[in-house]
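Notes follow the structure.
Coordinate-derived values only; no laboratory data. Model, not experiment: these values are computed from the prediction. Ideal geometry is used to build each Cβ from the backbone, glycine not excepted, and the neighbour counts take in all protein chains shown.
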Amino acid sequence: FPVTINEGAAILKAEQFKFIPIKNNGKEQEAGTEFKADKFSKLKICCTLSENSLTRKGSKTAYLVLMNPDGSTQSGGTFESGGKSIVYSEKTRLDYQGQSLSLCFTWTPSTPLSKGTYPAKVYVEDTQVGQSSFSLK
């Protein structure tokens, strides 16, 4: 479900989410939205940032907020959004030039994972630009 924040017409959207499990040997598995918890050691989470010539160009920070099924966050640090401190799981820098751009995070779980649904939200700077989820069985 793309979430958009309107900065005039300078809306940036994250869509086409892909979840790619990575085995202990570093081999990427087939992308999907449902996995067995013990079948991967890392998860590559990718999305596409939409093309928008009105969005300010240049270097930006993107954050992945990965929630556990119980609502807590897989922690990596914090950033500010809307006057609130938000816990993120991974962050990366990107160079946005108004063109469609692939954005990927590689996440290593810090604790054993439990069964359930894991919502994943992507922020660019301090604005949520999209979200999706994956499930563990």
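Charges on Cβ only, +1 for Lys and Arg, -1 for Asp and Glu, centred on the Cα centroid of the chain; of A120, S50, G32, which one is farthest towards the dipole's positive end?
G32
Could you state the number of Å between the C-alpha centres of region 60-102 and region 111-137?
Cα centres, region 111-137 to region 60-102: 10 Å.
Straight-line reach from K57: which lysines have Cα under 18 Å away, leaving out those fewer than 8 places along the same chain?
Candidates past the 8-residue exclusion: K13.
With +1 on each Lys and Arg Cβ and -1 on each Asp and Glu Cβ, and nothing else charged, work out how big the dipole of the chain is about its Cα centre, in Debye to the nearest 20. Walk me through the numbers before you get to the answer.
Values: 17 positive and 13 negative charges, 72 e Å.
I would put it at about 340 debye.
Counting only C-alpha contacts under 8 Å and six or more residues apart, can you give the relative contact order of the chain as a whole percent? Provide the component values of the computation, followed by the final result.
On the way: 339 pairs, mean separation 42.2, N = 137.
Over the chain, the number comes to 31 percent.
To make sure I understand the rule: partners must be lysines, Cα under 20 Å from the Cα of K18, and not fewer than 8 residues away in the same chain. Which ones qualify?
List returned: K27, K36, K39, K42, K44, K91, K115, K121, K137.
Nearest 20 debye, what's the magnitude of the dipole of region 61-121 about its Cα centre given +1 on Lys and Arg Cβ and -1 on Asp and Glu Cβ? Intermediate values should be presented prior to the final figure.
Numbers: 5 positive and 4 negative charges, 13 e Å.
Dipole of region 61-121, to the nearest 20 debye: 60 debye.
Loop-only trypsin sites (Lys or Arg not before Pro) in region 61-120, please: DSSP not H, G, I, E or B, and at most 10 other Cβ atoms within 10 Å. Don't skip to the end; give the middle numbers.
Details: sites: K84, K91, R93, K115; in loops: K115.
Within region 61-120, the qualifying trypsin sites (Lys or Arg not before Pro) (loop, at most 10 other Cβ atoms within 10 Å) are K115.
If you take the Cα Rg of the chain and divide it by 2.2 N^0.38 Å, with N the number of residues, what do you get?
Details: Rg = 14.9 Å, N = 137, 2.2 N^0.38 = 14.3 Å.
This ratio for the chain stands at 1.04.
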